[in-house]
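Structure, as structure tokens:
The values are calculated or read from the model by the stated rules, or taken from the named source; none is laboratory data. Here the structure is a predicted model, which means the values were calculated and not measured. Positions of Cβ are backbone-derived with ideal geometry, glycine not excepted, and every protein chain shown enters the neighbour counts.
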Amino acid sequence: MGTDARGCGSGSSAPRRAFATPIATRPDESPHAQASGRPVPALDTSLTWRDIVGGWLVRWGVGRMRYRVEPGLYRVGQPGRRSPVLVTANYKLSVDVVRSALAGLDVWLLVLDTHGVNVWCAAGKGTFGTAELVRRIQETNLADVVDHRRLILPQLGAVGVAAHEVKPATGFSVGYGPVLARDIPAYLADRMRATPAMRRVPFRWTNRLVLAPMELVGAAKPVLGILLALIALDVIRHGHVSAHAFTGFLPYLGAILVGGVMAPLLLPWLPSRSFALKGACLGLLWAAGWLWLAPTGLLEGASVILITTAIVSFMTLTFTGATTFTTLSGVRLEMRYAVPALMTTAGAGILFAVLAMIN
Amino acid sequence: MMRYLLAGHSLVLDDTRCNGCGQCVEVCPHAVFTMAAHKAQIASRDTCMECGACQKNCPEAAIVVSAGVGCAVAVINEMRRDRSQGGASCACG
């Protein structure tokens, strides 16, 4: 329950490995903890330092494709036959966010197999969907564990689940809880009613900043490519590596940081609805600032402006996938214009860089 | 509140089919719908991100929207792949 913006969890294309990051569960103590003779593992509501470090690492893409919890039914506290049943995805970061929001509550948690992807992204792909929910309800014999027939799903799961199809298939009615896991206690206390604010998906600067590391990790290979190209050109020209290769690299390294961190942070204040144009404005600003600090020749200056603008514009465009308000048709529309424009800009920039070198 | 290009342009609500259950109001993360006289209505088309949750959860099939994930990387992957494989899929996953 509760995704954290749309920094999509991890890959459905990843090989199905054993659950490499098992969650610490406590032994069975509850008299109600038997689902058809099988023990129901208990989840702690406090995170260990390993959970916290693991959460940081996946934000940087480390082990992200196998950060999973085994799907199935879990208990939090000492739930009974009338306790609420919450549903979430088996991305471990999602389970951690949910269980740490449930301190002091007695509830069941049904974890669906979304191949380690968070709720919203998995719902978009259909893995957090009606079919998996129905299968998991039957597989865990949920109807024998609780007397009521009501499930609470994260609201963002509604993209993949049709509530009116779950009821005839399983007898369970689906209610959508709040968008964010931290609102679950208030939602349960108010007899399962969500306030309008709980139904809105937030997109504050913290939500945007938390996704920046993945943008930077994604840019690591192109960055290395630029550095190696500059070093190679330096060797060709001078026969050895000079400091110029590294100083020449700085405006591009800066462009990556501007595109990966500043663009997401400044998103609401950059002009235009188009992400490519937002990024182009910021890229031009960065290039102008750099050239003001480190003036250079006309051709080299032109190549810095064109290439850094293209880099920041493209990185901002790819941030569409991490936002909470972009549409597919809008992305298609802007890419039809942005992709040829950016390729031309970058191509011209490289041409100027080569001309500057020949001169 | 940020707005995007073509926000909600494909969203269609057929209020003759609407049974007033309010499910669309509940699932929408951007408060696009409101209820008036036991019928849903589109109050804020410009904030719609076309995620498709309303269409998926409308028991009367009164809502149609061209749903998908607004992700440039997914669109690039879609262009690269054999087009017969269908719509854009999130590349981050």
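A few remarks follow.
- Breaking point among (1) of a type in the set (Gly, Ala, Ser); (2) surrounded by fewer than 19 Cβ atoms within 10 Å (Cβ to Cβ); (3) within 9 Å of chain A (Cβ to nearest Cβ); (4) within 29 Å of residue A:269 (Cβ to Cβ), for residue B:7: (2)
- Check on residue B:76, under 30 Å from residue A:205 (Cα atoms), modelled with pLDDT of 95 or more and more than 7 Å from chain A (Cβ to nearest Cβ): no
- Index of the failed condition, residue A:236 passing every other in (1) farther than 30 Å from residue B:49 by Cα; (2) surrounded by 12 or more Cβ atoms within 10 Å (Cβ to Cβ): (2)
- Subset of the stretch A:150-166 [within 9 Å of chain B (Cβ to nearest Cβ) and crowded, with 19+ Cβ neighbours inside 10 Å]: A:155, A:156, A:157, A:158, A:159, A:160, A:161, A:162, A:163
- The residue list A:109, A:73, A:142 contains one member that is under 29 Å from residue A:324 (Cβ atoms), hydrophobic (A, V, I, L, M, F, W, C) and modelled with pLDDT of 95 or more, which is A:109.
- Test: residue A:322 is in contact (Cβ under 8 Å) with a residue 40 or more places away in the chain, touching a helix residue (DSSP H, G or I) at 6+ places or on another chain (Cβ under 6 Å) and crowded, with 18+ Cβ neighbours inside 10 Å: no
- Within this structure, residue A:206 fails the test of being hydroxyl-bearing (Ser, Thr, Tyr) and under 24 Å from residue A:289 (Cα atoms).
- Comparison of A:277, A:317 shows that the only residue that is under 30 Å from residue B:68 (Cα atoms), within 14 Å of another protein chain (Cβ to nearest Cβ) and either within 21 Å of the chain's Cα centre (by Cα) or among the β-branched types (Val, Ile, Thr) (or both) is A:317.
- The test for being away from chain B (no Cβ under 12 Å) and closer than 21 Å to residue A:74 by Cα does not hold for residue A:227.
- Any hit, the stretch A:331-338, residues being more than 14 Å from chain B (Cβ to nearest Cβ), assigned to a helix (DSSP H, G or I), touching a residue at least 40 places away in the same chain (Cβ under 8 Å) and in contact with a helix residue (DSSP H, G or I) (Cβ under 7 Å, 6 or more places away or on another chain): no
- Checked against (1) away from chain B (no Cβ under 14 Å); (2) part of a helix (DSSP H, G or I), residue A:147 meets all criteria but (2).
- The single condition from (1) within 14 Å of chain B (Cβ to nearest Cβ); (2) touching a residue at least 40 places away in the same chain (Cβ under 8 Å) that residue A:346 fails is (1).
- Some residue of the stretch A:153-173 being farther than 30 Å from residue A:256 by Cα and in a strand (DSSP E or B): yes
- Within the stretch A:65-114, tally of residues that are more than 19 Å from residue A:151 (Cα to Cα), crowded, with 24+ Cβ neighbours inside 10 Å and not aliphatic (A, V, I, L, M): 4
- Looking across the stretch A:281-309, the residues that are part of a helix (DSSP H, G or I) and either within 14 Å of another protein chain (Cβ to nearest Cβ) or more than 17 Å from residue A:346 (Cα to Cα) (or both) come down to A:289, A:290, A:291, A:292, A:293.
- Pick from the stretch B:10-44, criterion under 25 Å from residue A:268 (Cα atoms) and touching a residue at least 40 places away in the same chain (Cβ under 8 Å), ranking: farthest from the other protein chains (Cβ to nearest Cβ): B:11
- You will find that of A:266, A:306, A:299, A:250, the residue that is modelled with pLDDT of 95 or more, over 27 Å from the mean Cα position of the chain (by Cα) and not polar (S, T, N, Q) is A:306 and no other.
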